[in-house]
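Data first, discussion second: the structure below is written as structure tokens.
Derivation of every value follows stated rules applied to the coordinates shown; laboratory data play no part. Given the structure is predicted, the values throughout are model-derived calculations rather than measurements. Note that we place each Cβ from the backbone using ideal geometry, even for glycine, and neighbour counts take in every protein chain shown.
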Amino acid sequence: MSEQQRPEAEAEAPVFRPRKNGQAQSVSDELAAWMTTGWADTELRDLEPVEQAGHTARRRDVLSAAFPGDRLVVPSGQLLTRSNDTEYPFRAATDYAYLTGDTTDGNCLVLTPRADGGHDAVLYLKPRSNRDNGEFWLGGYGELWTGRRNSLGEAAELLGLPTADVRTLPGVLGSDTSATTRVVRGHDAEIDALVDGLRADADADDEARAKSVQLDQDLGVALADHRLVKDEWEIAQLQLAVDATVRGFGDVAKALPQARDTSERYVEGTFFLRARVEGNDVGYGTIAASGANATTLHWTRNDGPVREGDLLLLDAGVETTTLYTADVTRTMPVSGTFTELQRKVYDLVYEAQEAGIAAVAPGRPFTAFHEASQRVLAEGLVEWGLLEGPVDRVLELGLQRRYTLHGTGHMLGMDVHDCAVSRQEIHLYGELKPGMVLTVEPGLYFQPDDLTVPEELRGIGVRIEDDVLVTEEGRTVMSAGLPRSSADVEAWLAERLPR
Ligand code: GLY
Ligand code: MN
Ligand code: MN
């Protein structure tokens, strides 16, 4: 597919980006004129706001109260070019989607401080393509190439906040420099540069530079802090993500024979089909790791064989169309039955996960579930003779980490490793609160070249990962739709593997 060049007479027309790789065909005046006519009015009217509009309004109010008098700029991010007019898949910036409910590219939310306190929110969006200047069919982002966008009026009704043309944003930001401006940085280089331009003396000296950096960091941290506790709507979205993920794992179990005939890619592709049909995408690169590949924590090459007697570690999550992701791992015997040794490793990881899940409760330190799981793993490794006791010494020195390597879990939400920049005192060194969602994911990984373990253990990797909601009473395992114990995994596989 290619496109035609814009006629010279229309070169001054505002387009988002001209297409570059078209066949060099000119557009006759007759065609150009004809293309401006004969189109129906497709404007949608009297639209109902999207379900989360009330929630996004409340979130904006919280942010407004945290930064009185400051102008806040939250970009959605831009498409990233892969080559010419081909782009990488777009995923809106988390904070933007959280505050607007919108997931499209090239936009920006601005909260402008009012003299009487509070802020006015305006969402700057790409409007519908212009039909008079040809951009809708000749411009690179024309709607006839990329699909219909909501009009500014439609978006205002759907999202429940005023909208404006994003092309006016530079003028708007530049016209009033009285307020301090903060930006969620790193998503849109042009907007970052615009904000830099407003801080004329930000580079004057080290102190001014540090102050400028701090302005934006404080905004990012405040948003991450706020996102730590999920509201009811967010919890429902996460449950949708988890439920679709549970179905995706079931698809993979049924597809194990085809995976045996091909590679780990069949596992990845099978899960991806579920993610695209039920959600937006996968929330992170699927880890489909069979045999010794399971000892590589983030094995996403997924190009190894799936062998009958091996374990398959699948770490995958569906991301909803509203951008909430699950993060689930199951380690399953490809044959349907664990060998005695595989079961021994699996059962220790399971025991560690049981202890970790039991330590998730409101008021408990965030670190408690990690410590509980690590203790069980250390006890097992000492009992097996892989580590020299006593267990307290092992834990103090962290010796078990040679075989377990990673932390036992993390916050989960719109990002798989959610709220990573939130303040340590309310996150890593804080207490769990109802509405927080986290993973509990202990693992044991015996590297194929690790001479400190008996040969028969080398190349075995096991992780079990579930998504856990902190409730007023304790916890809910959101991914309980999947089996966890070795016996339950085998029974689940037996129902799905073709006989
Ligand atoms: N899927 C990455 C993780 O489990 O943290
Ligand atoms: Mn995971
Ligand atoms: Mn995880």
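In square nanometres, what is the average projected area of the Cα convex hull of the chain? Write down the numbers at each step before the final one.
Values: hull surface 117.5 nm².
Orientation-averaged projected area of the Cα hull: 29.4 nm².
Let me spell out the model: positive unit charges on the Cβ of Lys and Arg, negative unit charges on the Cβ of Asp and Glu, origin at the Cα centre of the chain. What dipole size does that give, in debye rounded to 20? Please report the intermediate quantities before stating the final value.
On the way: 49 positive and 82 negative charges, 135 e Å.
Dipole about the Cα centre, nearest 20: 640 debye.
Just tell me which aspartates and glutamates come within less than 18 Å, Cα to Cα, of LYS344; anything on the same chain fewer than 8 places away is out.
Answer for LYS344, where 18 Å is the Cα cut-off: ASP310, GLU354, GLU379, GLU383, GLU441, GLU455, GLU456, GLU465, ASP488, GLU490, listed by chain and number.
Rank THR404, GLY461, VAL376 by how far each Cα sits towards the positive end of the charge dipole of segment 341-499 (+1 on Lys, Arg Cβ; -1 on Asp, Glu Cβ) and give me just the farthest.
GLY461
Could you tell me what % of all Cα pairs in segment 317-421 have separations over 24 Å? Provide the component values of the computation, followed by the final result.
Numbers: 1976 of 5460 pairs.
I get 36 percent for the Cα pairs in segment 317-421 exceeding 24 Å.
Please give, to one decimal in nm, the separation of the simple spin-label points placed at GLU396 and THR168, each 7 Å out from Cα toward the Cβ.
According to this spin-label approximation, the distance is 6.7 nm.
At most 16 other Cβ atoms within 10 Å and a DSSP loop assignment: could you name the GluC sites (Glu not before Pro) in segment 331-397 that fit?
Answer by residue number: GLU388.
Quick one: if the Förster radius is 22 Å, what FRET efficiency do LEU31 and ASN84 give, using the C-beta to C-beta distance and rounding to 0.05? Mind dumping the intermediate values first?
Details: r = 24 Å, r/R0 = 1.11.
That pair, LEU31 with ASN84, gives E of 0.35.
Using 7 Å Cα-to-Cβ label points, what is the SER175/GLU425 separation (nm, one decimal)?
In this crude label model, SER175 to GLU425 measures out at 4.1 nm.
State, to one decimal in nm, how far the label point of GLN217 lies from the label point of ASP61, with both points 7 Å from Cα in the Cβ direction.
3.2
Provide the gained length on full extension for the span THR262 to ASP201, in nm with one decimal, where the gain is 0.36 nm per separating residue minus the Cα-Cα distance. Could the numbers behind the result be given before it?
On the way: separation 61, 0.36 × 61 = 21.96 nm, distance 5.97 nm.
16.0 nm is the gain from fully extending THR262 to ASP201.
By average Cβ neighbour count within 10 Å, what is the ranking of 160-167, 242-249 from highest down?
Peptide ranking by packing, descending: 242-249, 160-167.
Counting other Cβ atoms within 10 Å, which chymotrypsin sites (Phe, Trp or Tyr not before Pro) in segment 84-182 have at most 16 and lie in a DSSP loop?
Numbers: sites: PHE90, TYR96, TYR98, TYR124, PHE136, TRP137, TYR141, TRP145; in loops: PHE90, TYR141.
Listed in order of number, the matching sites are PHE90.
Suppose we keep just the alpha-carbon trace of segment 61-135; what are its Rg and Dmax in angstrom?
15.5, 48
Note down the net charge around ALA66, summing +1 for each Lys or Arg and -1 for each Asp or Glu among other residues with Cβ under 12 Å from its Cβ. Let's see the in-between values first.
Working: positive: ARG59, ARG60, ARG182; negative: ASP61, ASP70, ASP218, ASP225.
Combined, the nearby Lys, Arg, Asp and Glu give -1.
Please list, in chain and number order, the residues 5+ apart from HIS119 or on another chain whose amide H is under 5 Å from its amide H, with Hs placed from the backbone.
ARG114
Can you list the chymotrypsin sites (Phe, Trp or Tyr not before Pro) in segment 361-440 that are in a DSSP coil and have 11 or fewer other beta carbons within 10 angstrom? Write out the running numbers ahead of the final one.
Working: sites: PHE366, PHE369, TRP384, TYR403, TYR429; in loops: PHE366, TRP384, TYR429.
Those that pass, being in a loop and sparsely packed, are TYR429.
In angstroms, what radius of gyration and Dmax does segment 226-354 have, counting Cα atoms only?
15.2, 47
Work out, in µm²/s and without decimals, the Stokes-Einstein translational diffusion coefficient of segment 245-309 at 37 °C, 0.692 mPa s, Rh from Kirkwood over C-alpha pairs.
Values: Rh = 11.9 Å.
The estimated diffusion coefficient comes to 277 µm²/s.
Under 21 Å Cα to Cα from LYS126, which lysines show up? Leave out anything in the same chain fewer than 8 places away.
Straight-distance partners of LYS126: LYS20.
Provide the per-residue ³J(HN,Hα) series for segment 418-430, in order, calculated from phi with Karplus coefficients 6.51, -1.76, 1.60 and θ = phi - 60°, each as a whole number of Hz, with x at glycine and proline positions.
7, 6, 4, 9, 5, 5, 4, 5, 10, 10, 4, 10, x
Which length gain, in nm to one decimal place, applies between TRP39 and THR339 when the Cα-Cα distance is subtracted from 0.36 nm times their residue separation? If you can, show how the numbers build up before the last one.
Values: separation 300, 0.36 × 300 = 108.00 nm, distance 6.67 nm.
In short, 101.3 nm is gained.
Which length gain, in nm to one decimal place, applies between HIS298 and GLU232 when the Cα-Cα distance is subtracted from 0.36 nm times their residue separation?
Numbers: separation 66, 0.36 × 66 = 23.76 nm, distance 3.12 nm.
Result for the pair: 20.6 nm of gain on full extension.
Below 20 Å, Cα to Cα, which lysines can LYS433 reach? Residues fewer than 8 away in the same chain don't count.
Excluding near neighbours in sequence, the set is LYS230.
Please say if segment 345-499 is rounded, prolate or oblate, where rounded means a/c under 1.5 for a ≥ b ≥ c the square roots of the C-alpha gyration tensor eigenvalues, and otherwise the choice is prolate for a/b larger than b/c and oblate otherwise?
Working: a/c = 2.00, a/b = 1.20, b/c = 1.66.
The shape class here is oblate.
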